[in-house]
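Each remark here refers to the structure printed beneath this line.
The values are calculated or read from the model by the stated rules, or taken from the named source; none is laboratory data. This one's a predicted model, so the numbers in the text were calculated from it and none came from an experiment. Glycine gets a Cβ as well: all are built from the backbone with ideal geometry, and neighbour counts include every protein chain shown.
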Amino acid sequence: MFHGYWICLDAFLSFYSLVPLRSFLGIVTLLRAPITKRYPHAGTLFDLMRLAIFVSVSAVLFLLDTSMWYHFIRGQQTIKLFVVYNVLEVRAPCDGLQIRLVHSSSRIQPNDARCMI
């Protein structure tokens, strides 16, 4: 549990601290490129693209009414079933709960020959 927490924290901190810094340095390199004849590396261009995607997605999400979309998606039964199914899929290797859920929802008994995987 703690390992996953530290991985998420590392990804969050690296994105919000290193990507803006590297993007700023990439912009400086792009501005100085005609003078120094040194063009940025592929990694720098990749960081600039990541920053552009982040800024554009943030702008779109800022303009949308996220509360309305949340309640619209929350009201759909298919999405709820999909989320529950994926949560069980993550947990399923532990105790085979997913197989039991699928069999109980389809009214097929687990010992039936038609449901052997």
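With respect to (1) within 30 Å of Val83 (Cα to Cα); (2) outside the structural domain of Val83 (by TED's automatic domain parsing); (3) without any contact (Cβ under 8 Å) to a residue 12 or more places away in the chain, the lone exception for Phe54 is condition (3). With respect to being within 30 Å of Met1 (Cα to Cα), assigned to a helix (DSSP H, G or I), under 21 Å from the mean Cα position of the chain (by Cα) and modelled with pLDDT of 75 or more, Leu18 fits the description. Kindly provide the set of residues from segment 49-82 that are within 19 Å of the chain's Cα centre (by Cα) and among the polar types (S, T, N, Q), ordered by number. Passing the criteria: Ser56, Ser58, Thr66. Here the helices (runs of 4 or more DSSP H) wholly within segment 53-113 that include at least 1 residues being at pLDDT below 55 and surrounded by 10 or more Cβ atoms within 10 Å (Cβ to Cβ) are 77-95, 97-105.
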